[in-house]
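Novice: Once you've had a glance at the structure underneath, I'll fire off some questions.
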Amino acid sequence: MGPDLQHAIEAIRWGTDYFLKATKDPNVVIAQIGDPNSDHGCWERPEDMDTSRKTYVVTTSKPGSEVSAEIAAALAASSIALSKNDSRYSQTLVSRAKQVFDFANNHRGSYNDSIGNGACPFYCDFNGYMDELVWGAAWLYKASNDQIYWNFVKSNIQSLGPLTEFGWDSKHAGINVLISQRVMNDPPNQNPFIPNADNLICSLLPDSPTKAVTYSKGGLLFKSGASNLQHVTSYSFLLIVYARYMHVNHKTVNCGSVVAKPAYLIDLAKSQVDYVLGKNPLGMSYMVGYGQKFPQKIHHRASTMPSIDVYPKHIGCRDGDKYFDLKSPNINQLTGAIVGGPSEDDSFQDSRFNVSQSEPATYINAPFVGVLAYFKQRNP
């Protein structure tokens, strides 16, 4: 990353500093700050927010295994990324990850039940907390090499089933791809990780007989649900990671009569990247600020309203509606944000009212960072 590496490290530490604060008391995790219902009910700048900053907490009596284990996973993964930059801080992250994982595992329960409308309807966990527990253990094993976490993964992976979901809620496919690095050259431990990961690949390949997604005429992957580019970026990331593990181990994936080599997976991911960045029937880049043509009316509060410097007066809860209703482009450009993306017929409605297509999200951008990092180093 050259001179950008320090900025990436700072960005990761911004998140882990927050997680360290949110978990500083043993057996307590800050699961959410702010009432999601009142926050969604206002259209105002972050500097003007006057909605409730209520804190939702999970404890031993009101557990939240999914949010706690996900934090443990994030701390463990971040410790690896930061180990060379600050070894002492990295060790702090691993230690806290272990503590938070133990809390999540020893006091099992869903934050859906414990914090109520702090989680639902906007951030409900729809598939239970076991995937987050296994995900947390997988990252802790990678970060610490402690056998106890490997034993946990092996003992609990079968309870998850061979699902191919991967995103902000479900971690199933990510677990199998992550663990495949450990077991791809270790036949006694390959099951069910390698078969599950292979099934994931076969569910994505356009010519696979077990394909579980569709592709638009323009070539974009589609999966049911809103904000389709979250699936495009997440699956592209997994395709690249698994292809790299396959390459090292001279492996192919057999999908019926289709034999997929690592290069096939990379080429598929590359086609998705190219589509997102403008190589599509509309010639539209779905990353704001990239290329000559990109979304102008994205569903994002701060992007639609004048800055504090331009308009220093307070903008109240519904006072921002007049900016939302404007037919002109957003006042501020949210450079780098990826929106939900086009419809399955490759059409796109550039409208703040079309949330599924025009809303950006961190869970869309996050996996795309890894995808772009790979193609940057491959094509200097």
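The values are calculated or read from the model by the stated rules, or taken from the named source; none is laboratory data. Just so it is clear, the structure is predicted and the values come from calculations on it, not from any experiment. Glycine gets a Cβ as well: all are built from the backbone with ideal geometry, and neighbour counts include every protein chain shown. Surface areas here come from the heavy atoms of the whole protein model, side chains and all, with no ligands, DNA or RNA. Shrake-Rupley method; radii C 1.70, N 1.55, O 1.52, S 1.80 Å.
Novice: Compute the Kirkwood hydrodynamic radius of the range 148-286, taking the inverse of the mean of 1/r over all pairs of distinct Cα atoms, and give it in Å to one decimal.
Specialist: 15.6 Å
Novice: Using 0.36 nm times the number of residues separating V355 and N85, minus their current alpha carbon distance, what extension gain do you get?
Specialist: Value of the extension gain: 93.3 nm.
Novice: Rg and Dmax in Å for the range 1-90, alpha carbons only: what are they?
Specialist: When restricted to Cα atoms, the range 1-90 yields Rg and Dmax of 16.1, 47 Å.
Novice: Right, something else. Would you please put 308-320, 99-111 in order of how densely packed they are, using the mean number of other Cβ atoms within 10 angstrom per residue and starting with the highest? Please report the intermediate quantities before stating the final value.
Specialist: Working: 308-320: 12.8, 99-111: 20.1.
Descending packing order for the listed peptides: 99-111, 308-320.
Novice: Quick check: Cα centre of the range 217-274 to Cα centre of the range 289-335, how many Å?
Specialist: If we compute the Cα centre of each part, the gap is 35 Å.
Novice: Over the chain, with every protein chain in place, what whole percent of the accessible area is carbon and sulfur at 1.4 Å, could you tell me?
Specialist: That share works out to 54 percent.
Novice: Restricting to Cα pairs below 8 Å that are 6+ residues apart, what does the relative contact order work out to for the chain? Please round to a whole percent. Could you put the intermediate results ahead of the total?
Specialist: Values: 631 pairs, mean separation 53.3, N = 380.
Reported as a whole number, the value is 14 percent.
Novice: Can you give the local net charge around P262? Use residues other than it whose beta-carbon is closer than 15 angstrom to its beta-carbon, Lys and Arg +1, Asp and Glu -1.
Specialist: That sum, taken over residues with Cβ under 15 Å, equals +3.
Novice: Taking the Cα centre of the chain as the origin, how large is its charge dipole in debye, to the nearest 20, when only Lys and Arg (+1) and Asp and Glu (-1) carry charge on their Cβ atoms?
Specialist: 760 debye
Novice: Of W150, W135, W168, which has the most accessible area with a 1.4 Å probe, and how do the rest follow in descending order?
Specialist: Solvent-accessible surface, decreasing: W168, W135, W150.
Novice: If you don't mind, another one. Using a 1.4 angstrom probe, figure out how much accessible area the chain has per residue, in square angstrom, rounded to the nearest whole.
Specialist: Result: 47 Å² of accessible area for each residue.
Novice: Just to make sure I understand: if all protein chains stay in place, what is the order of E132, E47, E165, E70 by accessible area at 1.4 Å, largest first? Provide the component values of the computation, followed by the final result.
Specialist: Details: E132 5, E47 125, E165 70, E70 50 Å².
Largest accessible area first, the residues go E47, E165, E70, E132.
Novice: Then there is this: Given only helices, namely DSSP H runs of n ≥ 4 each adding -39500 (n - 2.57), what is the per-residue ellipticity at 222 nm of the chain, to the nearest 500 deg cm²/dmol?
Specialist: Working: 15 runs with 177 residues, N = 380.
Taken over the chain, the calculation gives -14500 deg cm²/dmol.
Novice: What does the charge dipole of the range 251-380 about its Cα centre add up to, to the nearest 20 debye, if the Cβ of each Lys and Arg holds +1 and the Cβ of each Asp and Glu holds -1?
Specialist: 360 debye
Novice: Further question on the same structure: To the nearest 0.05, what FRET efficiency results for S257 and N151 with a Förster distance of 35 Å applied to their C-beta separation?
Specialist: FRET efficiency, S257 to N151: 0.35.
Novice: Let me ask something else. In whole Å, what three semi-axes, largest first, describe the equivalent ellipsoid of the chain built from its Cα gyration tensor (square root of 5 times each eigenvalue)?
Specialist: 33, 29, 19
Novice: Hey, another quick one. How big is the gap, in Å, between the Cα center of the range 1-76 and the Cα center of the range 178-193?
Specialist: Distance between centres, Cα-based: 33 Å.
Novice: Cα-Cα over 25 Å: which of K217/K251; K223/K279; K217/K293; K223/K251; K217/K270; K21/K98? Walk me through the numbers before you get to the answer.
Specialist: On the way: K217/K251 31 Å; K223/K279 20 Å; K217/K293 20 Å; K223/K251 27 Å; K217/K270 17 Å; K21/K98 15 Å.
Pairs exceeding the cut-off: K217/K251; K223/K251.
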